[in-house]
Amino acid sequence: MIIQEDLAKQYLRKYGVLVPEGSAANTIDQVRDIAENLNNKVVVKAIVPTGGRGKAGGVKVCRSRQEVEDFAERMFGSTLLGHQVDTLLVEETVTIHKELYTAVHLDYLTGMTNILFSLNGGVDVESNSEHIHVLSFETGADLPVHRIKIFLKRIDIDGLDSDKLSLLLATICRLATDVDALLLEINPLAVLENGKLTALDCKLEIDDNALSRHADFLEKQRQELPEREARAAQLGVSYVPLEGRIGVIASGAGLGMATMDMLNQRGLTPANFLDTGGGISEFMLQHALQLVLEPDGVDGCIINLYGGINRMKEAANGIAKALGETGEKRDIVVKILGNQQEEAWDILSKIPNVHVIRVFQTETAVDKLEELLRK
Ligand code: GDP
Ligand code: MN
């Protein structure tokens with residue numbers, strides 16, 4: 001999960017790292033108010049979940065109210081690096097003496113956490129990558145400040161205050177560990193005229209597998225999801241909206257992919273795909289089916305389930321309940337095999353618009369749906 005720059009900076013601030021004063025805005029009026037409070041000497045930045053905004057024209061240092069308004073008007077609603085701009089960050093400007101680069105990231109290959117540091121930060125850091133120095137430490141461990149000092153000693157940090165810098169690096173390591181970050185990047189870490197180190201930018205990505213440890217991030221992620229995906233997440237299933245006409249439910253992503261390939265081969269385009277995962281219950285299947293049938297233009301549905309751990313009687317009862325409650329008449333083809341298959345077939349065969357497939361081949365289910373829709 002990517003954490004927006006303004007929230008990431010709040011974390012930096014909480015941990016004692018200097019960040020420019022300012023806040024995020026969603027309307028021109030808000031931008032105007034924030035800029036006014038900062039005497040209109042502000043930098044305005046488009047908040048999009050990717051780097052390279054400076055080079056793409058999404059960051060502007062402004063000197064007057066007019067400049068702020070013109071830039072904000074141009075940015076709101078525009079597309080930057082493939083993302084629509086809904087939020088702008090308005091911050092006091094600073095005079096940059098030098099731009100450093102630093103990041104803490106989890107190395108997937110070694111499982112270690114790396115600190116990256118370069119004296120050549122800023123928007124061209126990628127082309128200066130040979131100047132990036134790396135210090136690895138054990139993920140989750142407390143990195144002693146003296147190890148960072150030794151690391152910095154090997155680099156000619158040319159006039160920078162080594163004590164301050166190593167404390168700052170230790171602090172962001174602590175933060176990265178505390179929030180289970182995959183990446184915490186500060187670029188530029190600006191050295192100001194007075195020698196102070198200020199984080200002008202912050203990219204923070206949290207490990208989704210650790211979200212259960214962070215109720216605030218989890219809540220935020222739910223709020224950011226579109227309405228149907230959010231309901232799916234609450235049900236404990238994943239839901240992907242697509243553009244076609246067939247609702248698809250499968251008990252696993254692989255089974256779902258194969259089903260969608262076969263549908264597409266016959267010109268039956270999926271309207272969505274819902275993966276139940278391993279926790280099928282009557283309640284889950286009832287709401288899952290109602291969810292996939294809900295979007296406009298869904299003509300029918302295919303449900304492809306295999307019961308290993310999942311109990312298929314529960315699934316069948318859920319399907320029956322979903323259709324019974326709404327008086328649903330569209331054709332639903334259900335291929336159910338495995339644990340409690342006979343009980344499931346019994347329940348489903350009593351529902352007129354449900355067509356039960358009792359063989360192993362998904363093709364048979366897709367053929368059946370094609371035949372029903374041709375009528
Ligand atoms: P990115 O390109 O998406 O990483 O966006 P950044 O937030 O890092 O901004 C890009 C560049 O804008 C930085 O590298 C700085 O050179 C410049 N910049 C950002 N804030 C200020 C500021 O307050 N004053 C000045 N002079 N430049 C700034
Ligand atoms: Mn940056």
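The table for this structure:
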quantity: Amide hydrogen neighbours beyond the local backbone of Gly300, cut-off 5 Å, H modeled; calculated: Gly247
quantity: Inter-label distance, nm, simple model (7 Å from Cα along the C-beta direction), Asp261/Arg228; calculated: 2.4
quantity: Cleavage-rule hits (GluC sites (Glu not before Pro)) in the stretch 222-270: DSSP loop, at most 15 neighbouring Cβ within 10 angstrom; calculated: Glu243
quantity: Cα-based shape type of the stretch 222-375, given that a ≥ b ≥ c are square roots of the gyration tensor eigenvalues and the cut on a/c is 1.5; calculated: rounded
quantity: DSSP-defined antiparallel bridges as percent of all bridges, the chain, nearest 5; calculated: 70
quantity: Residues His355, His83 arranged by fewest to most Cβ contacts within 10 Å; calculated: His83, His355
quantity: Charge sum, other residues only, whose C-beta stays under 15 Å from Glu126's C-beta, Lys/Arg counted +1 and Asp/Glu -1; calculated: -2
quantity: Using alpha carbons only: equivalent-ellipsoid semi-axes of the stretch 253-343, gyration tensor based, whole Å; calculated: 20, 17, 11
quantity: Cα long-axis angle, helix 215-224 against the chain (0 to 90 degrees, to the nearest 10); calculated: 70
quantity: Approximate spin-label separation Asp86-Asp156, in nm, with each point projected 7 Å along Cα-to-Cβ; calculated: 4.9
quantity: Tensor-based shape of the stretch 1-76 (alpha-carbon gyration tensor, a/c under 1.5 rounded, otherwise prolate or oblate); calculated: oblate
quantity: For the chain, the Rg and Dmax computed from alpha carbons only, in angstrom; calculated: 26.9, 81
quantity: Two-site FRET efficiency, Leu183 against Asp296, from Cβ-Cβ distance with R₀ of 41 Å, rounded to 0.05; calculated: 0.60
quantity: Estimated FRET transfer efficiency when R0 is 45 angstrom, pair Asp142-Thr79 (beta carbons, to 0.05); calculated: 0.60
quantity: Cα shape, the stretch 156-303, gyration tensor, a/c 1.5 rule; calculated: prolate
quantity: Positive minus negative residues near Asp299 (Lys, Arg vs Asp, Glu; Cβ under 9 Å); calculated: +1
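Any read-out appearing in this document is the output of simple, stated calculations on the displayed coordinates, not a laboratory observation. Keep in mind that this is a model prediction, so the values were computed, not measured. Please note: Cβ atoms are built from the backbone with ideal geometry, for glycine as well, and neighbour counts cover all protein chains shown.
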